[in-house]
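Contents: one structure, followed by commentary.
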Amino acid sequence: MELIRLVMDKFLLVEEKIFKLLDGSYTYPEFEQELKEVLNDLGKDVCQDVLNELDEKIYKDKDKRKDWKVVQKGCKRTIVTPFGDVNYERRYYKNKSTGKRAYLLDNAIGIEKHERIDTALRADIVDISTNLSYQKTKDELTRYTGKASLSRQTVMNTIRKTKQIASNEKVNAKKTVNTLYIEADEDHIHLQNGKSCEVKLVYVHEGKKETLKGRYALKNPMYFSGIYEKEEIEDLWEKVWEYIKDTYDEDKIERIYIFGDGAKWIKFGVDYLPNTVYVLDLFHLQKYITSALKDDKKSKKKLLKAIFKKDIQTVNDILNEKLKTQIESKDQIEKCITYVNSNLDGILSYSIYKDEIIGCSAESHVSHVLSERLSRGPISWSKAGAHKMGKLRAAKASGISVKDAILKERYKSLEPISLLPDVISYEKQKLKKATSMIRAGGTSLPILNYKKSFTSDAIKSLLESCSI
């Protein structure tokens with residue numbers, strides 16, 4: 001390994017940059033950019049050196065690689081890291097017992113076949129792309145990763161290959177609540193084939209709490225999202241029920257209120273989950289009434305009063321009377337009649353359970369969780385991409401760190417990297433010798449001999465804390 005040489009060479013280069021800044025050759029922003037490039041280059045060199053040494057360690061450790069025989073050496077590979085492109089060489093092995101072939105180094109560091117992006121950068125890509133477009137994600141990372149060879153296609157492929165992020169973990173002690181609330185709605189997106197599609201959003205919470213005067217937030221919300229069609233709808237509600245069972249004592253839940261706009265996929269959840277009460281989202285009811293009655297405020301007031309008095313006869317009389325006189329609004333009135341009568345149970349819930357029912361905020365949550373990334377602006381998706389992005393946005397809305405989840409998933413199957421003891425010992429001796437020489441002044445950095453300053457203190461502190 002040449003870590004000491006690498007670090008010292010870059011350290012001297014940093015010192016040179018500092019002097020150029022102080023003698024007027026650089027402005028401070030130019031110095032920052034130069035320093036960033038030096039440190040990125042150091043990161044790439046260190047990663048390359050460590051990978052090559054680890055490949056050597058695997059080769060020499062015959063006990064651990066029992067039955068694996070080298071069939072080719074010096075096989076080159078490039079991976080994109082947070083520092084930029086790292087080039088390294090490794091050996092190709094064949095298992096004498098099974099005949100299986102593999103690059104054991106790639107397996108040890110968690111790089112899969114045909115994969116170009118290392119795990120740390122992959123996590124950054126996924127995390128950033130939940131807020132920015134693929135192109136902007138690529139531009140953002142290229143600025144901060146030493147000009148790594150990323151493309152819009154690379155970002156898109158990384159998103160699609162990301163495995164399911166667990167939305168919840170089983171808790172040791174389940175919560176006890178009497179009531180749960182579920183709100184559901186969908187976002188309409190454009191597909192690349194010119195068609196449209198719905199990305200579903202379902203979220204479970206324990207009610208609302210006041211955060212500021214007149215402002216409220218949901219209590220412990222958990223979000224679920226994705227493109228679920230036809231028989232896949234059951235998969236969505238199954239995930240919701242699994243979360244409820246894992247988090248709450250289901251035997252103590254007396255009622256689960258499900259708010260929705262009357263869509264069949266939402267009513268499927270009403271039938272699927274136990275102890276449910278369907279509640280119609282009044283926002284959508286108001287839309288149908290306004291579309292049917294236009295500016296007739298008197299009829300609107302009378303209609304709503306009849307609805308909440310459960311006087312369905314009067315409701316239909318008002319709408320049918322309008323149907324006779326407002327020919328130009330015939331279609332909207334007929335739709336309103338159908339909508340009201342097909343959602344009577346959801347409307348009447350307001351009268352029956354008025355003490356427990358709270359307002360529905362599904363429209364604003366769809367806007368914030370989904371539309372902000374999926375449907376605002378001239379953007380089109382593949383179903384696979386939109387499905388994955390919906391899930392990622394839901395995870396973030398639930399307070400889950402997407403980056404940490406990806407790193408945890410990949411790292412849990414890997415063993416810690418450990419080099420051979422003699423290599424570690426040799427490098428430590430070199431470090432100790434270099435540090436002693438610097439402190440003694442034999443090959444000291446010039447800046448350390450200058451008048452005491454913040455920079456010299458920082459560098460001395462760095463040297464004193466150096467370790468491998």
Which condition does residue 88 not pass, out of (1) at pLDDT 85 or above; (2) more than 31 Å from the chain's Cα centre (by Cα); (3) open to solvent by less than 40 Å² (accessible area, probe 1.4 Å), if it passes all the others? (2)
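Out of 238, 254, 229, I need the residue that is among the acidic types (Asp, Glu), without any contact (Cβ under 8 Å) to a residue 40 or more places away in the chain and farther than 30 Å from residue 331 by Cβ. Which one? I'd like the intermediate steps shown before the answer.
Numbers: 254 fails: without any contact (Cβ under 8 Å) to a residue 40 or more places away in the chain; 229 fails: farther than 30 Å from residue 331 by Cβ.
The match here is 238.
Quick one: which helices (runs of 4 or more DSSP H) lie wholly within region 64-182 and hold at least 1 residues that are more than 24 Å from residue 394 (Cβ to Cβ) and out of contact with any helix residue (DSSP H, G or I) (no Cβ under 9 Å at 6 or more places or on another chain)? Give the steps one after another, and end with the answer.
Working: elements: 104-109, 119-129, 134-144, 152-161.
Where helices (runs of 4 or more DSSP H) fall fully within region 64-182 and carry at least 1 residues being more than 24 Å from residue 394 (Cβ to Cβ) and out of contact with any helix residue (DSSP H, G or I) (no Cβ under 9 Å at 6 or more places or on another chain), they are 104-109, 134-144.
Answer yes if at least one residue in region 281-302 is touching a strand residue (DSSP E or B) at 6+ places or on another chain (Cβ under 7 Å) and closer than 28 Å to residue 354 by Cα, and no otherwise. Give the derivation first.
First, the residues of region 281-302 that are touching a strand residue (DSSP E or B) at 6+ places or on another chain (Cβ under 7 Å): 281.
Within this subset, residues satisfying the condition of being closer than 28 Å to residue 354 by Cα are 281.
Among the residues of region 281-302, at least one is touching a strand residue (DSSP E or B) at 6+ places or on another chain (Cβ under 7 Å) and closer than 28 Å to residue 354 by Cα, which makes the answer yes.
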Among the residues of region 132-152, what is the count of those that are of a type in the set (Gly, Ala, Ser), in contact (Cβ under 8 Å) with a residue 24 or more places away in the chain and closer than 22 Å to residue 377 by Cα? 1
Looking only at region 282-296, which residues are among the charged types (D, E, K, R) and within 36 Å of the chain's Cα centre (by Cα)? 287
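Among the residues of region 225-240, what is the count of those that are aromatic (Phe, Trp, Tyr) and within 21 Å of residue 196 (Cβ to Cβ)?
Within region 225-240, residues that are aromatic (Phe, Trp, Tyr) and within 21 Å of residue 196 (Cβ to Cβ) number 1.
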Residue match in region 113-131 (condition: in contact with a Lys or Arg (Cβ under 9 Å, 6 or more places away or on another chain) and without any contact (Cβ under 8 Å) to a residue 12 or more places away in the chain): no
Taking region 313-343 only, how many residues are open to solvent by less than 40 Å² (accessible area, probe 1.4 Å) and not polar (S, T, N, Q)? 9
Can you tell which of 392, 323 is of a type in the set (A, V, I, L, M), in a helix (DSSP H, G or I) and modelled with pLDDT under 85? 323
Taking the condition of being closer than 24 Å to residue 318 by Cβ and open to solvent by less than 10 Å² (accessible area, probe 1.4 Å), how many residues in region 256-277 meet it? 0
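The values are calculated or read from the model by the stated rules, or taken from the named source; none is laboratory data. Predicted model only: the values in this text are computed from it and were never measured. Positions of Cβ are generated from backbone atoms using ideal geometry, with glycine treated the same way; all protein chains shown enter the neighbour counts. The area values use the complete protein model at the heavy-atom level, side chains included, leaving out ligands, DNA and RNA. Shrake-Rupley method; radii C 1.70, N 1.55, O 1.52, S 1.80 Å.
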